[in-house]
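Data block below; observations after.
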Amino acid sequence: MSNSVVINHHKIQTTLSSSTGFSAKTPSAQRPLKLAMATDNSEITHDFPGFFKVYEDGRVDRYWNTGFVEAGVDTETGVQSKDVVISPEINVKARIFLPKINGPAKKLPLLVHYHGGGFCIGSPFGPAFKTYLSALATQANVIAVSIDYRLAPEHKLPTAYDDSLAGLQWIATHSDGKGPEPWINEHADLGRVIIAGESAGATLAQYVAVQAGAAGLCGVAIKRLLIVHPYFGAREPDKFYQYMCPASSGTDDDPKLNPAVDPDLLKLKCDAVLVCVAEKDKLKGRGVSYYEAMKKCWSGGTVDFHETKGEDHCFHFFNPRSENIGPLLKKMSYPLSTRSRVSMDSTVPEVAYDYSPFLRIYKDGHIERLRGTDTVPCGLDPETNVLSKDAVYSPELNLSSRLYRPHSTSPDKKLPVLVYYHGGGFCIETPFNSRYHGHLNRLVAVANVIAISVDYRLAPEHPLPIAYEDSWKALEWLASHVNGDGPEEWLNSHADFGQVFLAGDSAGANLAHQLALRYGQEKLSGVNLAGVILVHPYFWGKEPIGAEVEYLEVKSSVDPIWHFVCPASSGLDDPLINPLVDPKLDSLGCSKVLVIIGGKDFLRERGWHYYEKLSKGGWGGVAEIMEGRDDEHVYKDGRVDRYWHTGFVEAGIDTETGLQTKDVVISPEATVKARIFLPKIHAPAKKLPLLVHYHGGGFCLGSPYGRLAPEHKLPAAYDDSLAGLQWIATHSDGKGPEPWINEHADLGRVILAGESAGATLAQYVAVQAGAAGLCGVAIKKILIVHPFLGGREPDKFYQYMCPTSSGTDDDPKLNPEVVPDLLKLKCDAVLVCVAEKDKFKGSGVAYGEAMKKCGWGGTVDCHETKGEDRCFHFFNPRSENIGPLMKKMFRSQPTFLEQIHFLSLSLSSMASSPNNEIALKLRFFQVYKDARVELFKPQCKKKIPPSDDAVTGVQSKDVTVSSEPQGIKERQMLIPANLS
């Protein structure tokens, strides 16, 4: 290392010694060690000031040490830590940091950390690293594993590199959930791994990430690489590094010191790299050079750069009071966090679009996938006796595939080839996760084929048609083995290129179809495409077909997906998504097609029509179809995938409105919960009306609180909704289980509300409460917004969720008109809201008219929003029509001041003659029918003249508002002190 760096680390040493170094709670072991006096006249053979000196007898004295603190619970953050042994043979250990887990089933990203210290100093067991990693684990919401590698000079380099890689390999042994460390098995998502390090640790992190990609390390998926103040090489030899690594030149021609000359650099497999430097760091230039080199030569992901002004090397350790630590940690942390709710600090990115449970898109552009990111290792599957391995099919794009073959295949045995494309809406999933790995193992075992499961780039970062191009590249790579001299020996030895099949599920089936079309036009020399297998294919179209007309609410939620993954598309009748309108359909380049559909799959109609179009058209091949009567989309094991989800936000304080929220359990037995929203309370004794809300989503989508269909068949949602109101009624004596309701809710003024399916639930609950004579609450109003009610034709979607229902308007739950207890509805008013473009508008209008005609005693009001579609106030949050709708829902009755204003206006025409009859009497005044207003005593006994307030600096003066005799003559005007 150059002298300038030695000077820098000498400064670090003195910083640690000073009172401004680590905080007062740092133990004395943290301080620099005094060098031992050589009483045996041993001579110093090597001295590297700031780091260590070596004596003739081989002893090593370090100039400073990071100290040691026991693992345990960090009192400030609540992070737990424990120490584990990675390799007993070489005594390599690690410390694991586990943040608070809010849900038992929640998996967190895993941060693998390598500490700095010039390869010769430091340990993850020191107080500085405990503070740093506890804060990082909390802020990023990750599990952190900090590797304690063996130090130089006792253990010459590349020992530290080997130990660091061994640490990641040890972590990968947990990919099946059966590794040696329970915390990693239970809480770590190995499909979201971050490699990080500072100084020499950054050098190690870079090395490990590249080696993992080059070796095709199974079991982990590296998503991000954090390179903080890296220690890389320069043109001049670094004698310090050369002493620790005798085999190195110590210059920038050593791949370990200069990644730009590493032949394996392009095999780095992660989504993003962040390079952080400090303005005053003497090593800053090397970090900048690394960043620039990565931008130019690596195309596998994004490269970002962050510079901290006014700071030196690793200031976040050596100057723990620096105000720049927070921004650095946020820059490192926020793309890693799985939380959708952010802190009050506006620098932390917010969620822009939440497509849970699939993915979230943040306003800073970061995309977080919520499923399909786990990875499992390749190898021999003992259950199926199928062997698998990973192979790169596009080195320039760093795209891989997973190959499968029966383990018992003889050396000269040729097998049909199955090329498989995974599903996931073009935006999630991977061939390397447990779902597809297990599926391909079973498929290969049964079919006795050699299979290639293709990994293609995902939208929205890589919008379509990129996935189509990547998938075609995989076919071209397969064709490169036709002559037996391709890069993959399994294909050279065992692939029968006269029997090649394409297959896929959902979006993967779409890919298989499009590739078969392209093959029909372009061909691939030596490859015969024998057939295509489409499992629950993701085809779509603008207009509903067949039974889709009965699922219009679900269709409206599925429609936007295509534009999301293919923004350049012409629309839902683009031949890429709607093959029924493709004029090239007859040029399909195979002789057989098998279409597999699910009887309960919403995409069923598209699969049927595709099959019929092929069979009756001019294609000339043989099409077959197979239907699983009870199959949902793709899955036969009862799992349910929702096309739409509202996501999850932690309860807390909303910084814009000051609104507080909390979550409560209504029924532990049925796991029914609720979220309570409490506005600012300006008067402690004031009781507020209580709004009971039921969310929409077709009884099957929406908030995770409450039981959803189809897992919980209807009428479970109806029962849960009524149970919610009954739970609220237990607070009528002020002694219920929830203090907020006891203290602030006026149960004599209850409003029930809901939109879509929630409106149906609100109506049901109100009627049941009246019929049962529910005590403790008085329902004043029901808000029925864009209701989901039944029609004359059976609704198969509803019938599936509620098997006992006819799904028509003779079901009282879907049509309140036939409810025998409707007249027992006990509330003052009902407001029915519809939207002009909503296809369910007619049923809402019919409901409003029926309520007016049935003889019910309250008032019924109807409101239509022009130019809007169903539940627009959720799906189009910028609509200018939201304000009027909210006002109609919650201010349809005049406010206190509006009552006075309206009363005064209505009585103004009678003011020509005095009328002493009182129209309205309130606490501070009364209004007569001749519009006169009388204020009650006591009035102010003393008028305070305008003046300058000494405390606030505010000025005041009186001005004349009206010169009319009966007008209001004076008002005070207040002027802030700093107004120029």
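The values are calculated or read from the model by the stated rules, or taken from the named source; none is laboratory data. Keep in mind that what you see is a predicted model, and the values were worked out from it rather than measured. Glycine gets a Cβ as well: all are built from the backbone with ideal geometry, and neighbour counts include every protein chain shown. Areas reflect the complete protein model, heavy atoms only, side chains present, ligands, DNA and RNA absent. Shrake-Rupley method; radii C 1.70, N 1.55, O 1.52, S 1.80 Å.
Starting from segment 107-119, keep only residues that are farther than 18 Å from ALA160 by Cα and in the same structural domain as ALA188 (by the TED database), then list their pairs with residues that are small (Gly, Ala, Ser) and outside any strand (DSSP E or B) whose Cβ atoms are within a distance under 8 Å, requiring at least 6 positions of separation or different chains.
As it stands, the answer is PRO109/ALA140; LEU111/ALA137; LEU111/ALA140, since those pairs meet every condition given.
Within segment 104-120, does at least one residue satisfy the condition of being closer than 30 Å to GLU43 by Cα, aliphatic (A, V, I, L, M) and either touching a Leu at 6+ places or on another chain (Cβ under 8 Å) or surrounded by fewer than 23 Cβ atoms within 10 Å (Cβ to Cβ) (or both)?
Among the residues of segment 104-120, not one is closer than 30 Å to GLU43 by Cα, aliphatic (A, V, I, L, M) and either touching a Leu at 6+ places or on another chain (Cβ under 8 Å) or surrounded by fewer than 23 Cβ atoms within 10 Å (Cβ to Cβ) (or both), which makes the answer no.
Just give me the residues in segment 248-276 being touching a residue at least 40 places away in the same chain (Cβ under 8 Å), assigned to a loop (DSSP other than H, G, I, E, B) and out of contact with any strand residue (DSSP E or B) (no Cβ under 9 Å at 6 or more places or on another chain), in sequence order.
Those that are touching a residue at least 40 places away in the same chain (Cβ under 8 Å), assigned to a loop (DSSP other than H, G, I, E, B) and out of contact with any strand residue (DSSP E or B) (no Cβ under 9 Å at 6 or more places or on another chain): SER248, LYS256, LEU257, ASP262, ASP264.
Can you pull out every residue in segment 257-285 that is farther than 30 Å from THR430 by Cβ and charged (D, E, K, R)?
GLU279, LYS280, ASP281, LYS282, LYS284
Considering segment 223-237 alone, what residues qualify as being touching a helix residue (DSSP H, G or I) at 6+ places or on another chain (Cβ under 8 Å) and open to solvent by 10 Å² or more (accessible area, probe 1.4 Å)?
GLY233, ALA234
Of the residues that make up segment 353-361, is at least one at pLDDT 75 or above and either assigned by the TED database to the domain that holds GLY285 or open to solvent by less than 20 Å² (accessible area, probe 1.4 Å) (or both)?
yes
Can you name the residue in segment 116-127 that is in contact with a Phe, Trp or Tyr (Cβ under 6 Å, 6 or more places away or on another chain) and of a type outside the set (Gly, Ala, Ser) and, of all such residues, is nearest to VAL228 (Cα to Cα)?
CYS120
Could you tell me how many of the residues in segment 85-97 are of a type in the set (A, V, I, L, M) and open to solvent by 10 Å² or more (accessible area, probe 1.4 Å)?
Matching residues across segment 85-97 total 3.
Considering only segment 773-784, I want to know if a residue exists there that is more than 19 Å from VAL664 (Cβ to Cβ), open to solvent by 60 Å² or more (accessible area, probe 1.4 Å) and assigned by the TED database to the domain that holds LYS837.
Yes.
Pick from VAL565, VAL593, VAL558: which is more than 30 Å from MET801 (Cα to Cα), open to solvent by less than 10 Å² (accessible area, probe 1.4 Å) and in contact (Cβ under 8 Å) with a residue 60 or more places away in the chain?
Result: VAL593 is the single residue among VAL565, VAL593, VAL558 that is more than 30 Å from MET801 (Cα to Cα), open to solvent by less than 10 Å² (accessible area, probe 1.4 Å) and in contact (Cβ under 8 Å) with a residue 60 or more places away in the chain.
Checking TYR207 against (1) open to solvent by less than 10 Å² (accessible area, probe 1.4 Å); (2) under 17 Å from TYR231 (Cα atoms): exactly one of these is not met. Which one?
(1)
Among the residues of segment 90-99, is any in contact with a Lys or Arg (Cβ under 9 Å, 6 or more places away or on another chain), farther than 15 Å from GLY201 by Cβ, in a loop (DSSP other than H, G, I, E, B) and assigned by the TED database to the domain that holds CYS270?
For segment 90-99, residues in contact with a Lys or Arg (Cβ under 9 Å, 6 or more places away or on another chain), farther than 15 Å from GLY201 by Cβ, in a loop (DSSP other than H, G, I, E, B) and assigned by the TED database to the domain that holds CYS270: present.
Across segment 446-460, what is the number of residues that are assigned to a loop (DSSP other than H, G, I, E, B) and either open to solvent by 20 Å² or more (accessible area, probe 1.4 Å) or touching a Lys or Arg at 6+ places or on another chain (Cβ under 6 Å) (or both)?
To start, the set of residues in segment 446-460 that are assigned to a loop (DSSP other than H, G, I, E, B) comprises 448-449, 455-460.
From the residues that got through so far, the ones that are either open to solvent by 20 Å² or more (accessible area, probe 1.4 Å) or touching a Lys or Arg at 6+ places or on another chain (Cβ under 6 Å) (or both) too are 448, 455, 457-458, 460.
Matching residues across segment 446-460 total 5.
Could you say which residue among GLU489, GLU476 is surrounded by fewer than 24 Cβ atoms within 10 Å (Cβ to Cβ) and within 20 Å of ALA530 (Cβ to Cβ)?
Testing whether each residue is surrounded by fewer than 24 Cβ atoms within 10 Å (Cβ to Cβ) and within 20 Å of ALA530 (Cβ to Cβ) leaves just GLU476.
Among (1) at pLDDT 90 or above; (2) open to solvent by 10 Å² or more (accessible area, probe 1.4 Å); (3) within 23 Å of GLU476 (Cβ to Cβ), there is one condition LEU443 misses while meeting the rest; what is its number?
For LEU443, the exception is condition (3).
Go through segment 174-199 and report how many residues are out of contact with any helix residue (DSSP H, G or I) (no Cβ under 9 Å at 6 or more places or on another chain) and open to solvent by 10 Å² or more (accessible area, probe 1.4 Å).
Result for segment 174-199: 7.
Does THR159 qualify as being among the hydroxyl-bearing types (Ser, Thr, Tyr), free of Cβ contacts under 8 Å to residues at least 24 places away in the same chain and closer than 30 Å to ASP61 by Cα?
Answer is yes for this residue.
Being within 26 Å of GLY698 (Cα to Cα), more than 26 Å from the chain's Cα centre (by Cα) and assigned to a helix (DSSP H, G or I) is the filter here, so list the residues in segment 546-586 that pass it.
Passing the criteria: GLY546, ALA547, GLU548, VAL549, GLU550, TYR551, LEU552.
If I ask for residues that are open to solvent by 10 Å² or more (accessible area, probe 1.4 Å) and in contact (Cβ under 8 Å) with a residue 40 or more places away in the chain, which ones from segment 125-152 would you list?
PHE125, PRO127, ALA128, PHE129, LYS130, THR131, TYR132, ALA135, THR138, GLN139, ASP148, ARG150
Table: residues versus (1) free of Cβ contacts under 8 Å to residues at least 24 places away in the same chain; (2) open to solvent by 30 Å² or more (accessible area, probe 1.4 Å); (3) polar (S, T, N, Q).
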| site | (1), (2), (3) |
| --- | --- |
| LEU708 | yes, no, no |
| LEU714 | no, no, no |
| SER721 | no, no, yes |
| GLY724 | no, no, no |
| THR760 | no, no, yes |
